[in-house]
Amino acid sequence: MPSLVTGWIEVEEYLCKGCELCISACPMKILELDQVMFNAKGYHPVQMIGESCTGCAICAIICPEAAITVYREKITQDVQESNEKMEKI
Ligand code: SF4
Ligand code: SF4
């Protein structure tokens with residue numbers, strides 16, 4: 001049964017220290033520092049800038065502050081309507 005997986009992330013901005021490890025590690029190159037906003041620690045927090053997240057979770061695994069939560073959505077295409085399943089990592 002064919003299926004697609006897509007993903008997205010949420011960043012706890014107050015935890016981010018702007019180290020850019022997640023930016024370097026993301027295979028889709030869809031992370032960057034917010035160049036405008038500062039968090040309470042005085043850092044620019046990371047943000048997602050594209051829609052091609054695969055939910056691979058590399059960013060969350062590498063983050064030393066555990067600031068990233070990854071969500072995956074599995075879309076099964078066995079019928080015309082997609083069957084969606086959510087899982088939190
Ligand atoms: S889950 Fe993977 S693709 Fe999505 S932002 Fe994180 S590293 Fe990039
Ligand atoms: S790895 Fe974590 S602390 Fe470093 S920039 Fe990314 S979200 Fe922020």
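The numbers here are math on the coordinates, done by the rules we state, and not lab data. Note that the structure is predicted; figures quoted are calculated from it, not measured. Every residue, glycine among them, receives a Cβ derived from its backbone with ideal geometry; neighbour counts consider all protein chains shown.
Brief remarks follow.
- Computed extension length for Glu65-Met37: 8.2 nm, one decimal, from 0.36 nm per residue of separation with the Cα-Cα distance subtracted.
- Residue order, fewest to most surrounding Cβ atoms within 10 angstrom, among Leu4, Leu21: Leu4, Leu21
- Spacing of the two label points (7 Å from each Cα toward its C-beta) at Glu20 and Thr76, in nm: 4.3 nm
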